[in-house]
Every structure is written in structure tokens, then in C-alpha cells.
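**Student:** Take a look at this one; I'll ask things after.
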Amino acid sequence: MSSIFILYTGGTFGMKKTKKGLVPSSWDEIINYLPAFKNQNYFDSFKQIDFTYEALEPVVDSSDMNPESWNKIAEIIYKNYDDYHGFIIIHGTDTLAYTASALSFMFNNLDKPIVLTGSQLPIFHPRTDGIVNLSNAIYIAGHKSFEIDCIPEVCICFNDDVLRGNRSIKVSTNDFEGFSSPNFENLAYLEQNITLNHNLIYRGDKEKFGLQPKFSNNVVNVTVFPGYNPSALIDIVRNQKIEGIVLKTFGAGNLPKTSQWQDLIEACEKNKTIIFATTQCPNGRIEIGQYASSETLQSTCVVSGKDITSEAALTKLMWVIGNYPYEERHDILSQNIRGEMT
Ligand code: ASP
């Protein structure tokens with residue numbers, strides 16, 4: 001017997017058409033379309049599973065998710081943590097990778113699965129992918145009933161993939177294969193057989209499960225492009241409007257050789273602003289020092305994001321600034337704390 005807590009937050013999964021476009025419906029409207037819950041015996045024919053449902057107030061298109069929503073979601077899970085074997089969050093796909101990354105940093109020492117899922121077509125559509133995605137999520141969250149090993153991580157269950165949440169990116173607005181984890185292999189494959197990559201599953205310390213919920217909004221995400229002059233960014237740093245920058249550099253950590261980039265680094269050093277350097281390539285990593293063009297980044301205010309995704313870099317930076325003083329930030333950012341980078 002396993003018990004699963006399901007939190008419905010909105011997203012295409014439960015959306016209906018209106019004159020203005022798709023909007024999320026209530027949990028009561030969608031539950032009739034979900035065979036797992038409508039037909040009590042759907043999962044009972046395998047094993048008994050006890051489901052509890054809750055909906056976020058209000059349910060949203062995931063474009064409306066923000067750090068307050070991440071906190072709300074985390075607090076609901078934290079409150080119910082001891083009473084369930086696993087958790088499922090039904091979420092819009094647009095910002096699902098951000099929420100998954102944020103939750104992975106907020107929770108430490110997880111020993112249960114927190115599975116995010118959603119769909120590309122609403123469950124009201126005859127060709128919906130929502131039912132299979134939710135059914136797959138139920139297998140991962142209800143692992144006990146299906147004799148599957150526990151994946152004690154914040155993960156994404158979508159199409160036939162189980163991905164580490166903080167390694168994932170949304171790669172398609174259309175394809176049922178909506179997510180990918182370009183620098184990290186699947187935690188599991190949901191094919192005819194369910195196959196786990198046991199050696200990749202993250203197992204934190206055996207210490208007590210905890211929640212560290214704060215995020216800072218004092219960050220920006222900047223993509224370098226040919227001809228970009230960072231002077232407006234330098235002004236923002238000098239006016240102490242931000243404490244951190246995710247800088248999406250070219251390739252393996254390269255920047256144009258203009259003096260403005262050196263000015264930006266000097267302004268960041270003076271104003272205690274951290275630059276978390278990532279690559280704008282979906283696949284691969286930062287190697288500061290590989291090219292002479294990365295020389296500008298050899299500074300104490302720069303931390304290499306190695307092979308981290310943009311979504312994980314941004315949420316990690318917001319979380320680190322929200323929870324730690326300046327003196328400790330560099331160290332925590334450069335460490336792999338939840339399997340987010342190597
Ligand atoms: N706009 C929707 C959302 O993120 C897209 C989706 O769920 O696929 O809520």
C-alpha cells in the first residue's frame with residue numbers, strides 16, 4: 001500500500017478553451033477525466049494506492065509562478081511530508097524546470113520522490129498526453145506499490161523520461177517529448193519496462209529532511225550576443241540594484257575582448273555582485289581558461305556554473321543570495337549541492 005499526495009497547480013494539463021485562450025480549470029472539473037481517480041479500481045487492479053489531492057490557490061498558467069508560489073508549493077509538501085510515500089505536482093510546462101530546480105535547492109536530505117509532471121495537450125483532448133504522464137508519475141511516486149526503487153529526488157516525469165529536475169530544460173512547445181536533460185542521463189526510462197539508472201540517483205546525507213525557503217529577486221539573467229555593450233548592466237551594478245548575474249557566455253565561457261566587460265567585472269568586484277557564468281549552449285560546460293577569450297572571467301566575483309542549466313543557475317543564485325551572506329555565496333555556488341552540476 002502506498003500513499004501519494006497530488007498537488008494540482010494548473011498548466012495545460014487542466015486547461016480549457018476560452019475566448020481569450022487556454023486557462024486552467026479547477027481540480028473538480030478535471031478529475032472526471034482522469035481514469036486513475038474516476039475509476040477507483042484503475043490502480044487497485046495492480047495494488048492499493050491511497051491518493052490525497054490539493055489544488056494551489058489560485059491555479060495558474062505556469063507563467064505566473066514566482067518565488068512566492070515556489071514557497072507555497074514547498075510548504076504544502078513540507079507540512080504533509082511525513083504522511084505520504086511520494087508527491088506529485090501537476091504543473092504547467094513553461095516554467096516547470098524552474099520550479100523543479102527551485103524545489104531541489106529548498107529541500108535538503110529528501111528521502112521520498114517529488115515528481116513534477118504536466119502535458120502538452122489538456123486532458124480534455126482525445127489525444128492528451130496528460131493521462132500517460134500522470135500514470136507514469138504515479139508509478140514513480142508510488143514506487144512501493146510497484147516494486148520500483150525509490151528515487152528520492154525532485155524529478156520530472158514527462159513522456160517516457162524521468163529526469164533530474166535541476167538538470168532539465170523545456171525543449172519543445174509541441175513535441176510530447178517536452179523535456180530533456182542535455183548534460184545528465186535519465187534517472188529512469190518509462191518504456192514497456194521501467195528501467196532505473198540506479199548509479200545516478202542522488203542520495204543526500206542521512207540527516208534530517210529540511211526546508212530552506214528564501215529566494216532573492218535581486219538577480220538578472222543576461223545573454224551575451226555579438227556587439228552587446230554591457231554599459232546599462234554596469235550602471236545597474238554600480239547603483240547596487242542587483243546582487244547576482246547569471247551570465248550566459250559564448251561556448252565554453254568566452255566574452256568579447258572589449259574594455260566594457262572588464263569594467264563590468266570591476267563594478268561587480270566593488271559592489272559585491274556575483275557573476276554565475278554559464279554557457280548559452282544547451283549541451284556542454286564552462287571551462288574558464290580554455291580560450292584566451294575567457295580571461296576576463298578570471299576574477300573573484302565570478303563563479304563557474306560548469307555544466308548547469310540556465311534554470312538551475314538562476315534559481316540556485318536566487319536561493320544562495322536569499323539564504324547566505326556574501327562571504328559564503330561563492331563557495332556554495334561553486335559546489336555541487338543537489339546534483340545540479342559536475
Ligand atoms: N502555458 C502553459 C503553462 O505553462 C503551457 C503548458 O502547461 O504546457 O502553464
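**Student:** Please enumerate the residues belonging to region 94-120 that are closer than 20 Å to G10 by Cβ, not in a helix (DSSP H, G or I) and not hydroxyl-bearing (S, T, Y).
**Tutor:** Answer for region 94-120, where residues must be closer than 20 Å to G10 by Cβ, not in a helix (DSSP H, G or I) and not hydroxyl-bearing (S, T, Y): D94, I114, V115, L116, G118, Q120.
**Student:** Still on this structure, please answer the following. So, in region 37-86, of the ones that are among the aromatic types (F, W, Y), outside any helix (DSSP H, G or I) and open to solvent by 60 Å² or more (accessible area, probe 1.4 Å), which residue ends up modelled with the lowest pLDDT?
**Tutor:** Of all residues in region 37-86, those among the aromatic types (F, W, Y) come to 37, 42-43, 46, 51, 53, 70, 78, 81, 84.
If we keep only those that are outside any helix (DSSP H, G or I) as well, we get 46, 51, 53, 84.
Of the ones still in play, those that are also open to solvent by 60 Å² or more (accessible area, probe 1.4 Å) are 46, 53.
Details: F46: 58, Y53: 93.
Among them, the one singled out is F46.
**Student:** While we're looking at this one, here's another question. Looking at region 276-296, is at least one residue more than 27 Å from R167 (Cβ to Cβ), of a type in the set (K, R) and open to solvent by 10 Å² or more (accessible area, probe 1.4 Å)?
**Tutor:** Among the residues of region 276-296, not one is more than 27 Å from R167 (Cβ to Cβ), of a type in the set (K, R) and open to solvent by 10 Å² or more (accessible area, probe 1.4 Å), which makes the answer no.
Here's the yes/no breakdown for (1) at pLDDT 95 or above; (2) touching a Gly at 6+ places or on another chain (Cβ under 7 Å); (3) within 16 Å of the ligand (Cβ to nearest atom); (4) not in a loop (DSSP other than H, G, I, E, B):
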{"site": "N174", "(1), (2), (3), (4)": "yes, no, yes, no"}
{"site": "E177", "(1), (2), (3), (4)": "yes, no, yes, no"}
{"site": "P182", "(1), (2), (3), (4)": "yes, no, no, no"}
{"site": "N186", "(1), (2), (3), (4)": "yes, no, no, no"}
{"site": "T195", "(1), (2), (3), (4)": "yes, no, no, yes"}
{"site": "Y202", "(1), (2), (3), (4)": "no, yes, no, no"}
{"site": "K208", "(1), (2), (3), (4)": "no, no, no, no"}
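**Student:** Something else: Scan region 304-339 for residues that are farther than 28 Å from P152 by Cα and not in a helix (DSSP H, G or I) and report the count. Before you say what the answer is, go through the steps one by one.
**Tutor:** Of the residues in region 304-339, the ones farther than 28 Å from P152 by Cα are 325-327.
Narrowing the set further to residues that are not in a helix (DSSP H, G or I) leaves 325.
Within region 304-339, residues that are farther than 28 Å from P152 by Cα and not in a helix (DSSP H, G or I) number 1.
**Student:** So, one more: Tell me which residues, restricted to region 186-209, are out of contact with any Pro (no Cβ under 8 Å at 6 or more places or on another chain) and hydroxyl-bearing (S, T, Y).
**Tutor:** Filtering region 186-209 down to residues out of contact with any Pro (no Cβ under 8 Å at 6 or more places or on another chain) leaves 186-200, 205-209.
Once the filter is applied, which keeps residues that are out of contact with any Pro (no Cβ under 8 Å at 6 or more places or on another chain) and hydroxyl-bearing (S, T, Y), region 186-209 yields Y189, T195.
**Student:** (1) more than 18 Å from S334 (Cα to Cα); (2) open to solvent by 10 Å² or more (accessible area, probe 1.4 Å); (3) of a type outside the set (G, A, S); (4) touching a helix residue (DSSP H, G or I) at 6+ places or on another chain (Cβ under 9 Å): which one isn't true of K272, the others all being true?
**Tutor:** Evaluating K272 over (1) more than 18 Å from S334 (Cα to Cα); (2) open to solvent by 10 Å² or more (accessible area, probe 1.4 Å); (3) of a type outside the set (G, A, S); (4) touching a helix residue (DSSP H, G or I) at 6+ places or on another chain (Cβ under 9 Å) leaves (1) as the failure.
**Student:** Would you please name the residue that is modelled with the lowest pLDDT, looking only at residues in region 9-29 that are more than 12 Å from the ligand (Cβ to nearest atom) and touching a strand residue (DSSP E or B) at 6+ places or on another chain (Cβ under 6 Å)? Talk me through it step by step, then tell me what you get.
**Tutor:** The initial filter retains those residues of region 9-29 that are more than 12 Å from the ligand (Cβ to nearest atom), namely 16-20, 25-29.
Okay, now just the ones that are also touching a strand residue (DSSP E or B) at 6+ places or on another chain (Cβ under 6 Å), so 25, 27.
Working: S25: 97, W27: 93.
Among those that are more than 12 Å from the ligand (Cβ to nearest atom) and touching a strand residue (DSSP E or B) at 6+ places or on another chain (Cβ under 6 Å), it is W27.
**Student:** In this structure, does I49 turn out to be aliphatic (A, V, I, L, M), without any contact (Cβ under 8 Å) to a residue 40 or more places away in the chain and away from the ligand (no atom under 13 Å from the Cβ)? Walk me through it before giving the result.
**Tutor:** Numbers: aliphatic (A, V, I, L, M): yes; without any contact (Cβ under 8 Å) to a residue 40 or more places away in the chain: no; away from the ligand (no atom under 13 Å from the Cβ): yes.
Judged against the criteria, I49 is not a match.
**Student:** Given (1) open to solvent by 10 Å² or more (accessible area, probe 1.4 Å); (2) out of contact with any helix residue (DSSP H, G or I) (no Cβ under 8 Å at 6 or more places or on another chain), identify the lone condition not met by S216.
**Tutor:** Here S216 clears every test but (2).
**Student:** Still on this model: Quick one: in region 117-148, which of the residues that are more than 16 Å from the ligand (Cβ to nearest atom) and more than 22 Å from the chain's Cα centre (by Cα) is most open to solvent (accessible area, probe 1.4 Å)? Full working, then the answer.
**Tutor:** From region 117-148, those more than 16 Å from the ligand (Cβ to nearest atom) are 126, 135-136, 138-148; that's our starting set.
Then keep just the ones that are more than 22 Å from the chain's Cα centre (by Cα); that gives 126, 144-148.
Working: P126: 126, K144: 118, S145: 5, F146: 34, E147: 155, I148: 27 Å².
Of everything passing the filter in region 117-148, E147 is most open to solvent (accessible area, probe 1.4 Å).
The values are calculated or read from the model by the stated rules, or taken from the named source; none is laboratory data. These figures come from a predicted structure and were not determined experimentally. With ideal geometry, Cβ positions are generated from the backbone for all residues, glycine too; neighbour counts draw on all protein chains shown. Areas reflect the complete protein model, heavy atoms only, side chains present, ligands, DNA and RNA absent. Shrake-Rupley method; radii C 1.70, N 1.55, O 1.52, S 1.80 Å.
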